Amino acid sequence: MVRACVLLLLVLLEPGQALGAIHRVPLKRRESLRKKLQAQGQLTDFWKSQNLDLDQCSTIQSDNEPLINYLDMEYFGTISIGSPPQNFTVIFDTGSSNLWVPSVYCTSPACQTHPVFHPSLSNTYSEVGNPFSIQYGTGSLTGIIGADQVSVEGLTVAGQQFGESVKEPGQTFVHAEFDGILGLGYPSLAAGGVTPVFDNMMAQNLVALPMFSVYMSSNPGSSGSELTFGGYDPAHFSGSLNWVPVTKQAYWQIALDGIQVGDSLMFCSEGCQAIVDTGTSLITGPPKKIKQLQEALGATNVDEEYAVECANLNTMLDVTFIINGVPYTLSPTAYTLMDFADGMQVCSPGFQGLEIQPPAGPLWILGDVFIRQFYAVFDRGNNQVGLAPAVP
């Protein structure tokens, strides 16, 4: 009852008052690895090097992270670990729960192209020494657990356990714009039983409210994207937030009532499950369903990538996700990724097949393509997700 009253007070506050309680973390938007490889004509070779059949798509276990999800990531933030601080660029990922960065002891090629953490240079570091491993779709990230202070835009968590990677798989991390990942999922997802960063923020009374929110600008040239800890910013959305209960406290998992393509209810007619995931750039679903969706949108498979004619966007169908009785509609321009390859504009629907095995699957993943259009609030106090149309 106390938490419910606190949330009610937040709603009743003037916007200026509500803003004072939150901590803003700017998210930098950069070119994704997919765009880089595509512009260089190396994307198909990359897929082959990863041994991925994109027509069949990846299959992952419920406690795995699909590594290909990070290929399209464009939003990154900065954190520091240790004293004096050592800075790292990370993905703030609601689809995982561990914090990890490369270790000075890492010998993988990926660690040669990114900053590495030096335990000996931090006055506040303590060795934990437990091994950790996070399974990805194309390999595993392994290392040891250490503990140190972690700072995020003025919020400093004391004694945070984190992964120091000593082996990173494949070529994805070699070319990635980010150094590590800061997971914002529930503790049950954390490898090695580590307490996630946000749980420690709450336990150490660093945030006014047990929630955080994400705004992802859809304008490539905009610097307004941000993650806010301790509340949400009403200036980033229109109307009111619609609150959706979390159905399973691992990922930020919610129920879908249905998925419409145009005016037709095409998927999840009897309901299904989805996760709101800042660590997945696209919208994913069961491969067979995604193939049907791509065909319904008029997309064709070209060089292992689905594409549409850019000139047809104004006649293509909307895709609507019905969540807790509320429709969330994506127009063709909202869900289509526009890139340039060989001097020509290429348009591809932002949907990808991804098979997630039980006990978590099958799951749809509402990634950045969705979050760009709908401001997302992640409320740990009441285990719910708030959604509202994002203000451009």
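Tell me which residues, restricted to the range 172-188, are touching a Phe, Trp or Tyr at 6+ places or on another chain (Cβ under 7 Å) and within 14 Å of Leu99 (Cβ to Cβ). Matches in the range 172-188: Phe178, Asp179, Gly180, Ile181, Leu182, Leu184, Gly185. Being among the acidic types (Asp, Glu) and open to solvent by 50 Å² or more (accessible area, probe 1.4 Å) is a description that applies to Glu153.
Counting residues in the range 185-202 that are surrounded by fewer than 22 Cβ atoms within 10 Å (Cβ to Cβ), more than 22 Å from Asn87 (Cα to Cα), in contact (Cβ under 8 Å) with a residue 24 or more places away in the chain and touching a helix residue (DSSP H, G or I) at 6+ places or on another chain (Cβ under 8 Å) gives one or more. Taking the conditions (1) surrounded by 18 or more Cβ atoms within 10 Å (Cβ to Cβ); (2) among the hydrophobic types (A, V, I, L, M, F, W, C); (3) modelled with pLDDT under 90 in turn, Val207 satisfies each one other than (3).
Show me the strands (runs of 3 or more DSSP E) entirely contained within the range 238-309 in which 3 or more residues are crowded, with 17+ Cβ neighbours inside 10 Å and either touching a residue at least 60 places away in the same chain (Cβ under 8 Å) or within 20 Å of the chain's Cα centre (by Cα) (or both).
Strands (runs of 3 or more DSSP E) meeting the threshold: 252-256, 258-261, 272-276, 283-285.
Residues satisfying the criterion are absent from the range 315-324 (criterion: among the charged types (D, E, K, R), within 21 Å of Gln345 (Cβ to Cβ) and either touching a residue at least 60 places away in the same chain (Cβ under 8 Å) or open to solvent by 40 Å² or more (accessible area, probe 1.4 Å) (or both)). Scanning the range 64-82 for residues that are hydrophobic (A, V, I, L, M, F, W, C), at pLDDT 95 or above and surrounded by 18 or more Cβ atoms within 10 Å (Cβ to Cβ) turns up at least one hit.
If I ask for residues that are under 26 Å from Asn200 (Cβ atoms) and part of a loop (DSSP other than H, G, I, E, B), which ones from the range 163-175 would you list? The answer is Glu168, and nothing else. For the range 111-162, the set of residues classified as without any contact (Cβ under 8 Å) to a residue 60 or more places away in the chain, among the hydroxyl-bearing types (Ser, Thr, Tyr), assigned to a strand (DSSP E or B) and in contact with a Ser or Thr (Cβ under 7 Å, 6 or more places away or on another chain) consists of Ser133, Ser140, Thr142, listed by residue number. Look at Leu227 and say whether it is crowded, with 21+ Cβ neighbours inside 10 Å and at pLDDT 95 or above. Considered against the rule, which asks whether it is crowded, with 21+ Cβ neighbours inside 10 Å and at pLDDT 95 or above, Leu227 comes out as yes. Among the residues of the range 182-227, just one is part of a loop (DSSP other than H, G, I, E, B) and of a type in the set (Phe, Trp, Tyr), namely Tyr186.
Only residues that are small (Gly, Ala, Ser) and surrounded by fewer than 17 Cβ atoms within 10 Å (Cβ to Cβ): list them for the range 101-146, please.
Of the residues in the range 101-146, the ones small (Gly, Ala, Ser) are 103, 108, 110, 120, 122, 126, 129, 133, 137, 139-140, 143, 146.
Ser120, Ser126, Gly129, Ser133, Gly139, Ser140 - these are the residues of the range 101-146 that are small (Gly, Ala, Ser) and surrounded by fewer than 17 Cβ atoms within 10 Å (Cβ to Cβ).
For Ile181, the requirement of being touching a residue at least 40 places away in the same chain (Cβ under 8 Å) and open to solvent by less than 20 Å² (accessible area, probe 1.4 Å) is met. Considering Val214, Val207, Val276, the condition of being under 30 Å from Thr315 (Cβ atoms) and in contact with a helix residue (DSSP H, G or I) (Cβ under 8 Å, 6 or more places away or on another chain) is satisfied by Val276 alone.
The values are calculated or read from the model by the stated rules, or taken from the named source; none is laboratory data. Because the structure is a prediction, the values reported are computed rather than measured. Reconstructed Cβ throughout: ideal geometry from the backbone, glycine too, with neighbour counts over all protein chains shown. These area figures cover heavy atoms from the full protein model, side chains too; ligands, DNA and RNA do not enter into them. Shrake-Rupley method; radii C 1.70, N 1.55, O 1.52, S 1.80 Å.
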